[in-house]
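Visitor: Pasting a structure here, questions to come.
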Amino acid sequence: MSLTIAAMPAYNEERSITEMVLGCKKYVDRVVVVDDGSTDMTADRAASAGAHVIRHEWNAGYGAALRTCIEMGADRMEIIDSDG
């Protein structure tokens, strides 16, 4: 069985992350949010909306968040901007 994920690098996106996760869930097998050291409620809101959340302890940058997404090993992956 193939795995299709929507991957969202996110940094301090608490205002938009819930809507983005919910909007993607109907099109993929899993929504993965890589919280790149956010200091707000991004990770908590993403998890509450049903996303699988991976947290970076500090802001390592967009490239590091993308690498984390790629390491998920999905058969298909869409990179989605978490700010809508």
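The values are calculated or read from the model by the stated rules, or taken from the named source; none is laboratory data. Because the structure is predicted, anything quoted here is derived from the model rather than measured. As a convention, Cβ positions derive from the backbone with ideal geometry for all residues, glycine included, and neighbour counts pool all protein chains shown.
Visitor: Can you tell me which of 22, 3 is hydrophobic (A, V, I, L, M, F, W, C) and closer than 15 Å to residue 69 by Cα?
Guide: 3
Visitor: Another question, if that's okay. For region 71-83, how many residues are more than 11 Å from residue 9 (Cα to Cα) and either in contact with a helix residue (DSSP H, G or I) (Cβ under 6 Å, 6 or more places away or on another chain) or without any contact (Cβ under 8 Å) to a residue 60 or more places away in the chain (or both)?
Guide: Going through region 71-83 one residue at a time, the tally reaches 1.
Visitor: The conditions are (1) under 10 Å from the mean Cα position of the chain (by Cα); (2) closer than 16 Å to residue 81 by Cα, and residue 55 fails exactly one of them. Which is it?
Guide: It fails just one condition, (2).
Visitor: When both residues are 6+ apart or on different chains and their Cβ atoms are under 7 Å apart, which pairs have a first residue that lies in region 34-61 and is over 12 Å from residue 9 (Cα atoms), and a second that is exposed (fewer than 15 other Cβ atoms within 10 Å of the Cβ) and among the aliphatic types (A, V, I, L, M)?
Guide: Every condition considered, the pairs that remain are 49/22.
Rundown of residues vs (1) in contact with a strand residue (DSSP E or B) (Cβ under 8 Å, 6 or more places away or on another chain); (2) of a type outside the set (S, T, N, Q); (3) modelled with pLDDT under 95, yes/no style:
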| residue | (1), (2), (3) |
| --- | --- |
| 2 | yes, no, yes |
| 31 | yes, yes, no |
| 39 | no, no, no |
| 60 | yes, yes, yes |
| 70 | yes, yes, yes |
| 75 | yes, yes, yes |
| 82 | yes, no, yes |
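Visitor: Scan region 40-66 residue by residue and report those that are in contact with a Phe, Trp or Tyr (Cβ under 9 Å, 6 or more places away or on another chain) and either closer than 14 Å to residue 7 by Cα or hydroxyl-bearing (Ser, Thr, Tyr) (or both).
Guide: Once the filter is applied, which keeps residues that are in contact with a Phe, Trp or Tyr (Cβ under 9 Å, 6 or more places away or on another chain) and either closer than 14 Å to residue 7 by Cα or hydroxyl-bearing (Ser, Thr, Tyr) (or both), region 40-66 yields 42, 62, 65.
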